[in-house]
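The values are calculated or read from the model by the stated rules, or taken from the named source; none is laboratory data. These numbers were taken from a predicted model, which means no experiment stands behind them. Here the Cβ positions follow ideal geometry from the backbone for every residue, glycine too, while neighbour counts run over all protein chains shown.
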Amino acid sequence: MVVSRFSPDLAGSTVTQTTTVRDVADLARLIIADSDVAKVTEEFNQTLTLFEALTIVNTDGIEPMVNPCTESQPLRTDNVETLVNREGLMQNAPASEQNYFLVPRVID
Amino acid sequence: MRWEKVMGLEVHLQLATQSKIFSSSSTTFGADPNNHTNPLDMALPGTLPVLNHEAVTKAIIFGLGVGAKLGKISRFDRKNYFYPDLPKGYQISQFFEPIVKEGVFDVPMPDGSIFPVRILRAHLEEDAGKSVHDAIPNQTGIDLNRAGTPLLEVVTEPDFRTADQVVAYLKALHALVTYLGISDGNMAEGSMRCDVNLSLRLEGEQEFGTRTELKNINSFRFIERAIYVEAERQQDLLESGRDVTQETRLFDPDADETRSMRSKEVANDYRYFPDPDLLPVVVDDETIERIRAELPELPAVKRARFTDQLGLSQYDASLLTQDRATAEFFESVAARCDNPKSAANWVLGDVSANLNKSGVALTESPLGAEALADLIIRIDDGTLSSKMAKTVFDALWEGASDVDAIIEQKGLKQVSDTGALQTIVSDLIANNPAQVEQYRAADDSKQKKLIGFFVGQAMKASKGQANPQLLNQLLKDKLS
Amino acid sequence: MTMCFETVAALRSKLTAGEISSVELTSDALARIADLNPELNAVIASSEEQAIEAAMRADEARRDGNNNPLLGIPMLHKDIFCTQNLPTTCASKMLADFMAPYDATVVRRLDQAGMVMLGKCNMDEFAMGSSNETSYFGACKNPWNTSRVPGGSSGGSASAVAAGLAPLATGTDTGGSIRQPAALCGITGLKPTYGRVSRYGMVAFASSMDQAGPMARTAEDCALVLEAMAGGDPLDSTCSEKPVPNYAQHLSDAVTGMRVGIPKEFFSSDLNPEVATAIETALKELEGMGVKLVDVSLPSTSLGVSTYYIIAPAEASANLSRYDGVRYGYRCENPTDLQDLYLRSRSQGFGDEVKRRILIGAFTLSAASYDQYFMKAQQVRRMIAQEYDDVLSKVDVIAGPSAPNSAFLLNDTSKSITDMYMEDVFTIGANLAGLPAMSVPAGLANDLPVGMQLIGRRFGEVDILKLAHQFQQRTTWHNLTPPLKERS
């Protein structure tokens, strides 16, 4: 059974075919400098050309493979265990105060 | 133009497990910031999720509770977006193949009718952390204690048309999950969070309009208000020829309006894909049957039993089954005293009133089910008048536990001895000739008022213990 | 420095016999690193004090009767494994100062076996690359010819072992990142079956393909180390609970009658002719061992690179979302708001190749592209895996070259990005199918090492290890050492 994808989050909106490299960069929170856009787009397209070989392969009825394991998900007992204390967990925090991680104020 | 509201609900239930869904951190509420976390909750490099057995069990219990088809093989997917309370930059959820599939949940409405709600699916996912905006100036503080708490997201079809239906559904859902013991289902505390998808269409239309999502409204009252306010807003837009924008909105109770959530405005493509760190969750028939066998009696079944077998009204049955503790308390009382109607009246009346007044939950009630049942037994066997019963009740509430002992101590036994009462009545009549004549001369309606004098005197003479019914009967006989 | 090219097995004998101490071995190794690393740049960070202390503890343990085969042997970890004692950088500016508050399972197990960690090895940034040129800490050199690459992404590990800085280094392999550098540096490297070794604490690149494995001088050493690394881990859902065989004990099991498949697609025009010649000679050697060579076909070989370069970047794009400057890692200066924090921290913290792959990954997962690219690739992946399974039902092991070329020049601007991706053409199949595979030194091409690849069935490490071991008993390629210019 092939699982086909639907996206209720986009229901009602139009999906365009011309996704730009900038759109993708926004999604991934990456900056592409104006001076780099052409180069990055070119590299991007080069890689996409590599993918064209797949489009002609007949994969009807083939179940997508997520990973090579054949087992089912092991289940963990519902026990509380602390592996590392808070100090260790927060030791690399770039900005923290009163045991919170800090980011510039977010307004909802 | 008559507009119809079309609504679907997404309710997130925090599952009452000890540890989180993918890590072994505690789920207990109220810890110091970031004190209930593990490397996985922090999304430290190299950490991996391992699924909590109990979260799966509770999801299955829910599925059985709404008679849903179960996803015997379900999978986890990554929902990708950036927000500081989402440490991995993706939420592990079940998008393609949920653990619970279609079902129908029968919601009892206040008028006694049943409103069937189609459950589209229920799936497991992890909760995000918390953002705190006022702890440090110009900064938002991130607390990841909540990150990773197991959630069951219950999604309905857009079957709702009124706010009343929505509220009834939420109440029934709360009852169900507390019965099943899978969640506290508490809106105020955040263990049950409701998002309402709302759109309008003209009555008679088949197509759905553009919907907005109202998020994180934490009381029934606010939900009703938010629905009303948002429907008005959409109606204004549509009637003036404008479009409704599909977006997420918050309800601001102070301003009495809904507002667009700015932080979520950036167009989001969640790029769902199967999470390669987790394997398919397989639930076999044996496990399902074992869980089914251990299910408590569901509210709907209890309600039916209360009305059909115990003769209670739909209304009373609904109220009594709103949570498991109340239902079970009532059942103990009813079984022991064999008078369900009386038990219902007491539980829904005086017990409920006293609990509200003292702000105490039923599970901490000073009055036990046994004692209440004994009280009702003594009323039914004529030992206590209803007035005296109240006195006993108060004593029980204060901490006393033996009904008979209280009756004895306070000498509350109702005087039902016909002989004794006859004496009192005869004496009264003999000593109050004027009133007797007045009574005999009066018409029916006036007699009803005048008899009060004799009743009062007789009560005084019997120190309040005369059986009122018997007394009335005797007086009527003797006075006529 | 006569000890520096000894195998783990040989060092164990000497340690047990009391001929040397762990402290001596460790100091020698540290001195050699100090001498050669400035040129090679194979090691990012080392901790002399802690290494000597660990060595002292090992010597003491030996005196107390501990005779674990790995006890007291110095080694290096690829800088992708979380270690509490040294930063874990993944050769990225993003994690340049990151101190993990816990050890990876692999680190813990080898530590418990008594190995002495000397330091962390250079690699391609976040394991993305085939030449170790994308490292934030600069390129690593191939000890055989320092104007050439060691391969990647475990380039530092391969270079270090080849140069005798340590007898063992750990590596990781997602598309060939253990096997290809092992081939280019003339050492032996093993990528276990997917799920054989725990991934907990190993910074994730492509979760459905990443595997940790040993890189050493011989198959025997790989067997010894794999035994200590492998086995179930309750912290990794994808790690198998299957019992771990005593690999070392099976090395001398009979190989006569084994069927070895040679895929014709592995000898395509992608393969450098000198490399092809060396491999053909090596295969004849296998025949001389009583093995039957069988012609087989893996027709989807040409689809492997496309499939891999859709799936791996897609998984990576999600795995790398956690690097956002909030809880650890690089944060830009004076972020003006949340989006600025994300954008500048990530753009400044990641190198170009990493950013390229995140972009491709985010693209193939996006709504308009998912079915056509990502889902398609996952379907082709199953096809490829099925093909390997079919072939491996008719033969025991598949053999061929590890890499299409020997070590190429550093800063080779004639190589495009996709040219670089093609370096993985022979190794990628084993990652997509989750099969165990290793590279053993099998000859020279233009005075540069060539590796032969052996691919086994799932959990069939015993087969490839015994074949490799007995090949190494008949050949001397693995004993060759590079012509290094030592300074002392």
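Name the residues in the range C:87-104 that are under 19 Å from residue C:48 (Cβ atoms) and over 20 Å from the mean Cα position of the chain (by Cα), would you? Don't jump to the end; show me each part of the working.
In the first step, residues of the range C:87-104 are kept if they are under 19 Å from residue C:48 (Cβ atoms); the result is C:87-89, C:99.
C:99 - this is the single residue of the range C:87-104 that is under 19 Å from residue C:48 (Cβ atoms) and over 20 Å from the mean Cα position of the chain (by Cα).
Residues considered: C:238, C:218. Of these, the only one that is among the polar types (S, T, N, Q), surrounded by 16 or more Cβ atoms within 10 Å (Cβ to Cβ) and within 22 Å of residue C:442 (Cα to Cα) is C:218.
Scanning the range B:323-349 for residues that are surrounded by fewer than 18 Cβ atoms within 10 Å (Cβ to Cβ) and either polar (S, T, N, Q) or over 15 Å from the mean Cα position of the chain (by Cα) (or both) turns up B:332, B:335, B:336, B:338, B:341, B:345, B:349.
Entry remark, the range C:346-369: residues being within 13 Å of chain B (Cβ to nearest Cβ), under 18 Å from residue A:49 (Cβ atoms) and in a helix (DSSP H, G or I) number 5 in total. Among the residues of the range C:330-345, those that are part of a loop (DSSP other than H, G, I, E, B), within 7 Å of another protein chain (Cβ to nearest Cβ) and buried (at least 18 other Cβ atoms within 10 Å of the Cβ) comprise C:331, C:335.
Residue count for the range A:54-85 under the criterion of being touching a residue at least 12 places away in the same chain (Cβ under 8 Å), facing another protein chain (nearest Cβ under 7 Å) and surrounded by fewer than 18 Cβ atoms within 10 Å (Cβ to Cβ): the result is 2. Across the range C:409-440, what is the total count of residues that are surrounded by 23 or more Cβ atoms within 10 Å (Cβ to Cβ) and out of contact with any strand residue (DSSP E or B) (no Cβ under 6 Å at 6 or more places or on another chain)? Of the residues in the range C:409-440, 11 are surrounded by 23 or more Cβ atoms within 10 Å (Cβ to Cβ) and out of contact with any strand residue (DSSP E or B) (no Cβ under 6 Å at 6 or more places or on another chain). Can you work out which of the residues in the range B:103-127 that are touching a strand residue (DSSP E or B) at 6+ places or on another chain (Cβ under 7 Å) and outside any strand (DSSP E or B) is farthest from residue B:283 (Cα to Cα)? The residue in question is B:109. Can you tell me which residue within the range B:209-235, out of those that are assigned to a helix (DSSP H, G or I) and acidic (Asp, Glu), is surrounded by the fewest Cβ atoms within 10 Å (Cβ to Cβ)? The extreme case among them is B:232. Determine if the range B:271-286 includes at least one residue that is crowded, with 20+ Cβ neighbours inside 10 Å and at pLDDT below 95. Within the range B:271-286, none of the residues are crowded, with 20+ Cβ neighbours inside 10 Å and at pLDDT below 95. Test residue B:79 against the criterion of being within 12 Å of chain C (Cβ to nearest Cβ) and either at pLDDT below 95 or assigned to a strand (DSSP E or B) (or both), and give yes or no. Spelling it out, residue B:79 is indeed within 12 Å of chain C (Cβ to nearest Cβ) and either at pLDDT below 95 or assigned to a strand (DSSP E or B) (or both).
So which of B:249, B:303 is assigned to a helix (DSSP H, G or I) and in contact (Cβ under 8 Å) with a residue 12 or more places away in the chain?
Details: B:249 fails: assigned to a helix (DSSP H, G or I).
Sole residue among the options that is assigned to a helix (DSSP H, G or I) and in contact (Cβ under 8 Å) with a residue 12 or more places away in the chain: B:303.
Please work out if residue B:428 is in contact (Cβ under 8 Å) with a residue 12 or more places away in the chain, more than 30 Å from residue B:342 (Cβ to Cβ), surrounded by 17 or more Cβ atoms within 10 Å (Cβ to Cβ) and over 41 Å from the mean Cα position of the chain (by Cα). Taking the combined requirement at face value, the residue satisfies it.
Can you find even one residue in the range C:68-81 that is within 14 Å of chain A (Cβ to nearest Cβ) and part of a loop (DSSP other than H, G, I, E, B)? It would help to see each step written out before you state the result.
Filtering the range C:68-81 down to residues within 14 Å of chain A (Cβ to nearest Cβ) leaves none.
No; the residues of the range C:68-81 include none that is within 14 Å of chain A (Cβ to nearest Cβ) and part of a loop (DSSP other than H, G, I, E, B).
Scanning the range A:86-108 for residues that are of a type in the set (S, T, N, Q) and facing chain C (nearest Cβ under 7 Å) yields A:91, A:92. Scan the range C:294-312 residue by residue and report those that are away from chain A (no Cβ under 11 Å) and assigned to a helix (DSSP H, G or I). Scanning the range C:294-312 gives C:301, C:312. Would the range C:313-329 turn up any residue that is away from chain B (no Cβ under 13 Å) and either surrounded by 24 or more Cβ atoms within 10 Å (Cβ to Cβ) or not acidic (Asp, Glu) (or both)? No - not one qualifying residue is present in the range C:313-329.
Can residue C:304 be described as out of contact with any strand residue (DSSP E or B) (no Cβ under 9 Å at 6 or more places or on another chain) and either under 30 Å from residue C:473 (Cβ atoms) or small (Gly, Ala, Ser) (or both)? Please lay out each step first, then the result.
Details: out of contact with any strand residue (DSSP E or B) (no Cβ under 9 Å at 6 or more places or on another chain): yes; either under 30 Å from residue C:473 (Cβ atoms) or small (Gly, Ala, Ser) (or both): yes.
For residue C:304, the condition - out of contact with any strand residue (DSSP E or B) (no Cβ under 9 Å at 6 or more places or on another chain) and either under 30 Å from residue C:473 (Cβ atoms) or small (Gly, Ala, Ser) (or both) - is met.
Considering the range B:11-34, and only residues there that are part of a strand (DSSP E or B), more than 8 Å from every other protein chain (Cβ to nearest Cβ) and out of contact with any helix residue (DSSP H, G or I) (no Cβ under 9 Å at 6 or more places or on another chain), the residue that is farthest from residue B:185 (Cα to Cα) turns out to be B:12.
Looking at B:318, B:352, B:332, which is the one that is in a helix (DSSP H, G or I) and either closer than 15 Å to residue B:108 by Cβ or in contact with a Pro (Cβ under 9 Å, 6 or more places away or on another chain) (or both)?
On the way: B:352 fails: either closer than 15 Å to residue B:108 by Cβ or in contact with a Pro (Cβ under 9 Å, 6 or more places away or on another chain) (or both); B:332 fails: either closer than 15 Å to residue B:108 by Cβ or in contact with a Pro (Cβ under 9 Å, 6 or more places away or on another chain) (or both).
After ruling out the rest, the residue left standing is B:318.
Working only within the range B:35-48, note down all residues that are at the interface with chain A (Cβ under 9 Å from one of its Cβ atoms), crowded, with 23+ Cβ neighbours inside 10 Å and out of contact with any strand residue (DSSP E or B) (no Cβ under 6 Å at 6 or more places or on another chain). Break it down into steps so the answer makes sense when it comes.
Looking only at the range B:35-48, we keep the residues that are at the interface with chain A (Cβ under 9 Å from one of its Cβ atoms), and these are B:35-42, B:44.
Then keep just the ones that are crowded, with 23+ Cβ neighbours inside 10 Å; that gives B:36-42, B:44.
Hits for the range B:35-48 are B:37, B:38, B:39, B:40, B:41, B:42, B:44.
Do we have any residue at all in the range C:158-167 that's under 17 Å from residue C:225 (Cα atoms), among the hydroxyl-bearing types (Ser, Thr, Tyr) and outside any loop (DSSP other than H, G, I, E, B)? For the range C:158-167, residues under 17 Å from residue C:225 (Cα atoms), among the hydroxyl-bearing types (Ser, Thr, Tyr) and outside any loop (DSSP other than H, G, I, E, B): absent.
State yes or no: is residue B:96 touching a residue at least 24 places away in the same chain (Cβ under 8 Å), within 14 Å of chain C (Cβ to nearest Cβ), over 27 Å from residue B:166 (Cβ atoms) and in a loop (DSSP other than H, G, I, E, B)? Can you show your working first?
Values: touching a residue at least 24 places away in the same chain (Cβ under 8 Å): yes; within 14 Å of chain C (Cβ to nearest Cβ): yes; over 27 Å from residue B:166 (Cβ atoms): yes; in a loop (DSSP other than H, G, I, E, B): yes.
Yes; evaluated as a whole, the condition is true for this residue.
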